[in-house]
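Asks: Below is the structure I would like to discuss, written out as structure tokens.
Derivation of every value follows stated rules applied to the coordinates shown; laboratory data play no part. Treat the numbers as computed from the prediction; the structure is a model and nothing was measured. Cβ sites come from the backbone with ideal geometry, for glycine too, and all protein chains shown count toward neighbours.
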Amino acid sequence: MSESVLQHALALVLAGEIYVPRIAIRRVLTKSPVSRSDGLDGLPEDNPLRQLTPRQLSTLSLIVGGSSNKEIARSLNLLESTVKAHVKAILRKLSASNRTQAALIAADLGWPRPSRLSAQ
């Protein structure tokens with residue numbers, strides 16, 4: 001973003017207006033899909049994995065990799081209680097009764113990244 005564009009954007013925001021970058025407007029007008037960075041690009045829209053938030057996807061990735069809640073909390077810089085809440089939401093959204101079942105369901109649904117590296 002050039003300095004003049006940044007100044008214009010700041011002036012609009014400070015005046016109580018909304019700044020929308022040109023690229024966003026172009027995408028809307030041309031209906032060009034925004035590329036997903038979560039690895040779910042090739043999955044159908046009704047795939048339950050698409051219901052997960054980015055943080056839940058990061059948590060699921062670590063679950064699939066075999067991490068405990070404590071390890072996930074450390075990796076994602078979260079409280080363990082927050083991780084437990086994410087795990088509970090993942091189980092609910094995937095209709096899984098436990099972490100192992102969630103990992104298996106995710107694999108069946110086409111989970112793209114069975115690694116311990118995702119920390120978004």
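Asks: Could you give me the ³J(HN,Hα) list for region 67-83, computed from phi with Karplus coefficients 6.51, -1.76, 1.60 and θ = phi - 60°, whole Hz, x at Gly and Pro?
Replies: 3J(HN,Hα) across region 67-83, in whole Hz: 6, 7, 4, 5, 5, 5, 4, 5, 5, 9, 6, 10, 6, 4, 5, 5, 4.
Asks: To the nearest 20 debye, what charge dipole does region 48-108 have about its Cα centre, counting +1 at the Cβ of each Lys and Arg and -1 at the Cβ of each Asp and Glu?
Replies: My answer is approximately 180 debye.
Asks: Right, another one. Obtain the nm distance between the two label points defined at residue 23 and residue 70 by a simple spin-label model: each point lies 7 Å from its Cα along the Cα-to-C-beta direction.
Replies: In this crude label model, residue 23 to residue 70 measures out at 4.2 nm.
Asks: In addition: Taking 0.36 nm per residue of separation and subtracting the Cα-Cα distance, what length does fully extending residue 100 through residue 46 add?
Replies: 17.2 nm
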